[in-house]
Amino acid sequence: MRVAAPSRITWLSRIAMQHSHQTVHAGFDRFQELLLAMRVGDELRASDAARLTGLSHDVCRSVLEGLKRAGLMTHQGDDRFIRKTLDVQTA
């Protein structure tokens, strides 16, 4: 039984997918660097994060919303997310 070689389209799709994954990983790396550089009181809009990282606005907004739920950010109505202090209680 002879197995057909993968078509050129399949090969090109695989290359494109690998590039896409690398681009997304690089975008999240840039987003992480951006977030780690923020200090208390610094503001970031999802649209600015998208422009700086290459990720979509929706992805950036979701990440910022998650950080808000985790207590690391507050959210202002005009799409501004503001870095806040961690309220850590010592026992």
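The values are calculated or read from the model by the stated rules, or taken from the named source; none is laboratory data. This structure is a prediction, so every number in the text was calculated from the model and none was measured. Cβ sites come from the backbone with ideal geometry, for glycine too, and all protein chains shown count toward neighbours.
Assigned to a helix (DSSP H, G or I) and of a type outside the set (A, V, I, L, M): does that describe Asp58? Walk me through it before giving the result.
Working: assigned to a helix (DSSP H, G or I): yes; of a type outside the set (A, V, I, L, M): yes.
It is true that Asp58 is assigned to a helix (DSSP H, G or I) and of a type outside the set (A, V, I, L, M).
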Exercise. Within region 68-91, can you find the residues that are closer than 18 Å to Ala50 by Cβ and either modelled with pLDDT under 90 or polar (S, T, N, Q) (or both)?
Worked result: Gln76, Asp78, Asp79
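Restricting to region 34-54, name every residue that is in contact with a Phe, Trp or Tyr (Cβ under 6 Å, 6 or more places away or on another chain) and either outside any helix (DSSP H, G or I) or without any contact (Cβ under 8 Å) to a residue 12 or more places away in the chain (or both).
Keep residues of region 34-54 that are in contact with a Phe, Trp or Tyr (Cβ under 6 Å, 6 or more places away or on another chain), which gives 44, 53.
Answer for region 34-54, where residues must be in contact with a Phe, Trp or Tyr (Cβ under 6 Å, 6 or more places away or on another chain) and either outside any helix (DSSP H, G or I) or without any contact (Cβ under 8 Å) to a residue 12 or more places away in the chain (or both): just Leu44.
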